[in-house]
Amino acid sequence: MSRDHNTSAPVVGQSEIEIAAPPELVWEVLTTIERWPGWNPAVKEVSMPDSVTEGSTFRWKAGPGTITSTLQRVEPPRLIAWTGNTFGIKANHVYTLEPRDGKTFVRTEESYDGLVSRLFSRPLQKTLDKALAEGLGHLKAEAERRSTR
């Protein structure tokens, strides 16, 4: 797991997928944050007033709550990491992109910390595992759709 990821948190998840598109295209889909609702049905709305640079913040609605996130690392087209807070949960999320024979191998890792995470670790773990896998599936579908244009 990457150093951006809190492996000692009460809830820790990861998922990975291979996408038949170059890393630059996958990066573009992933980092055009204000367009997430167009390809990821779990994201209802996004407000991204700044550019995608370290320290930029964005607000987004996914599930029952609005999350305020801050970009911690932005290394095009290889790594993007952010932290977020909602309902007393502090989340760390990392996406790593790796070129592989004209395709892109994507790993996503996320951790939840805080009192709520400790109290509800089991249901949150199931929710996180499902969300990470589904999110990568949507990213793959959108990147591959754009790749075939």
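Numbers for the structure displayed
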quantity: Residues within the range 109-127 that are touching a Gly at 6+ places or on another chain (Cβ under 9 Å) and surrounded by fewer than 21 Cβ atoms within 10 Å (Cβ to Cβ), tallied; calculated: 5
quantity: Failed condition for K44, given (1) outside any helix (DSSP H, G or I); (2) of a type in the set (D, E, K, R); (3) farther than 22 Å from S111 by Cβ; (4) under 14 Å from the mean Cα position of the chain (by Cα); calculated: (4)
quantity: Pairs where the first residue, in the range 55-71, is over 13 Å from I33 (Cβ atoms) and the second is buried (at least 16 other Cβ atoms within 10 Å of the Cβ), C-beta under 6 Å, 6+ apart; calculated: G65/T86
quantity: Hey, A81 in a loop (DSSP other than H, G, I, E, B), touching a residue at least 12 places away in the same chain (Cβ under 8 Å) and either crowded, with 19+ Cβ neighbours inside 10 Å or among the aromatic types (F, W, Y) (or both) or not; calculated: no
quantity: Selection from the range 84-135 of residues that are assigned to a loop (DSSP other than H, G, I, E, B) and either hydrophobic (A, V, I, L, M, F, W, C) or within 13 Å of G13 (Cβ to Cβ) (or both); calculated: F87, F120
quantity: Residues being of a type in the set (S, T, N, Q) and at pLDDT 95 or above - total across the range 1-58; calculated: 9
quantity: Within the range 64-78, tally of residues that are assigned to a loop (DSSP other than H, G, I, E, B) and in contact with a strand residue (DSSP E or B) (Cβ under 7 Å, 6 or more places away or on another chain); calculated: 2
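The values are calculated or read from the model by the stated rules, or taken from the named source; none is laboratory data. Note that the structure is a prediction, hence the values are computed from the model and not measured. Counting neighbours? That spans all protein chains shown, and the Cβs are built from the backbone with ideal geometry, glycine included.
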